[in-house]
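This report concerns only the one structure given below.
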Amino acid sequence: VGGAIGMGGTAGSDGVSAGGTAGAGVGGGGTSAGGASTTGTQDPPGTMGDGTFQLVGHPDPPEELSLLNGAVAGTVTGPFIHTQTGTYTDWQMWKFTYYIYVPAEYQPGHPAALMVFNDGYLYAGNPMITDMHFNAPTVISNLIHEGSMPVTIAVFIFPGTNDGHQVGGGDGGRATQYDSPNDQYGKFITQEFLPMEILPNFDIVTDPDGWAMSGHSSGGIASIICGWFWPDKFHKMLTMSPSFPNHGGVFPAEFLTVPTPKPLRIYHTSAQNDLGGFKAANDQAAMDFMQLGYHYRYLQGGDGDHYPPIAAQSDFPNAMRWVWRGYHIP
């Protein structure tokens, strides 16, 4: 059994149904988006779990991959398709497949938090992917039941492609969307996709402490970049082996250009046998976060590879507890 040693620094059982496009019948609500603004409360999270942690050994899968202690499975619906309407200057007809998770505890009229998963097929328990065992819908159901995270709507969005095919980011789209060190992917998510497909159909809190983004590799760096350029929308980033080297080193160097920390809470990992340059860049990012005073959690090392990210899978429930700690919805 693997463990973690601090080194400084402070869908298994969910149902999946086919679909076409998301509509009001999916959520049956939307007053937070279309009517009154509802915000949650972020208590000071403290520093427990902050810092850099060295993975020891080969970790076991977490028990939260199965429903525990009376937790009730939420519902996963999809696939749905969103055709982008011009956020990007090229590939005007990119199509994005996505699924939506709604917890059993969600009630229209009562706002929920929001979590967006890039490369959503890696997290949603899609049976086409057999070696990625995040099973995020089941983990979220367990954590909501135990009170470790708020009632949360989760969106599993795939990279846009020319025809919306579900696995991978072909057609050159994934690298452009995820690795470009600019505000464009965050603009697409915050100004187009969520307002068109999610916010009209569900009651979602409007404060950035209640919005999180997650992803692996390029999907991970997209999460960090989105938070960096859109901190008024997203404060929480949960990433696995983010691809810092894929954009020529703009990040993590960019962090040092803003000496006052942005209000971001960042989790990231990198395996001992990660892709070339990934671990060194993640090591540097962690040092920068510590120097600047960010709330960050970095899990490094272990005997895993870039894919599948065994350490990140094992730590996923605790990482979710860490990133959501102290957040409450009235």
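The values are calculated or read from the model by the stated rules, or taken from the named source; none is laboratory data. What you see is a predicted model, and the numbers here were worked out from it, not measured in a lab. In this analysis, Cβ positions are derived from the backbone assuming ideal geometry, glycine residues included, and neighbour counts consider all displayed protein chains. Just so you know, the surface numbers come from the protein's heavy atoms only, side chains and all, with ligands and any DNA or RNA stripped out. Shrake-Rupley method; radii C 1.70, N 1.55, O 1.52, S 1.80 Å.
How many percent of DSSP beta bridges within region 184-330 run antiparallel, rounded to 5? All intermediate terms of the calculation are to be shown ahead of the outcome.
Details: 0 of 16 bridges.
Bridges in region 184-330 are about 0 percent antiparallel.
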Mind running the shape call on region 276-328? Use the C-alpha gyration tensor, a ≥ b ≥ c as the square roots of the eigenvalues: rounded below 1.5 for a/c, prolate if a/b tops b/c, oblate otherwise.
-> oblate
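For region 212-330, with only Lys/Arg (+1) and Asp/Glu (-1) charged at the beta-carbon, what is the dipole magnitude about the Cα centre, in debye rounded to 20?
460
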Which whole-Hz couplings ³J(HN,Hα) result when phi for each residue of region 99-107 is put into the Karplus expression 6.51 cos²θ - 1.76 cosθ + 1.60, θ = phi - 60°, listed in order with x for Gly and Pro?
-> 10, 10, 9, 10, x, 4, 7, 5, 10
Amide H to amide H, which residues 5 or more places from Arg265 or on other chains are under 5 Å from it, using H placed in the peptide plane?
-> Lys236, Met237
Hey, got the dipole for region 248-317? About the Cα centre, +1 on K and R Cβ, -1 on D and E Cβ, debye to the nearest 20?
-> 280
Which percent of the accessible heavy-atom area of region 178-265 goes to carbon and sulfur, probe 1.4 angstrom?
-> 56
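Just order 209-215, 133-139 by mean Cβ neighbour count inside 10 Å, highest at the front, would you? Present the calculation step by step, with values, prior to reporting the outcome.
Numbers: 209-215: 27.3, 133-139: 24.7.
Peptide ranking by packing, descending: 209-215, 133-139.
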Peptides 93-101, 236-244, 151-159: what's the order by average Cβ count within 10 Å, highest mean first?
-> 236-244, 151-159, 93-101
On average, how much accessible surface per residue is there in region 199-330, in Å², for a 1.4 Å probe, leaving out ligands, DNA and RNA?
-> 30
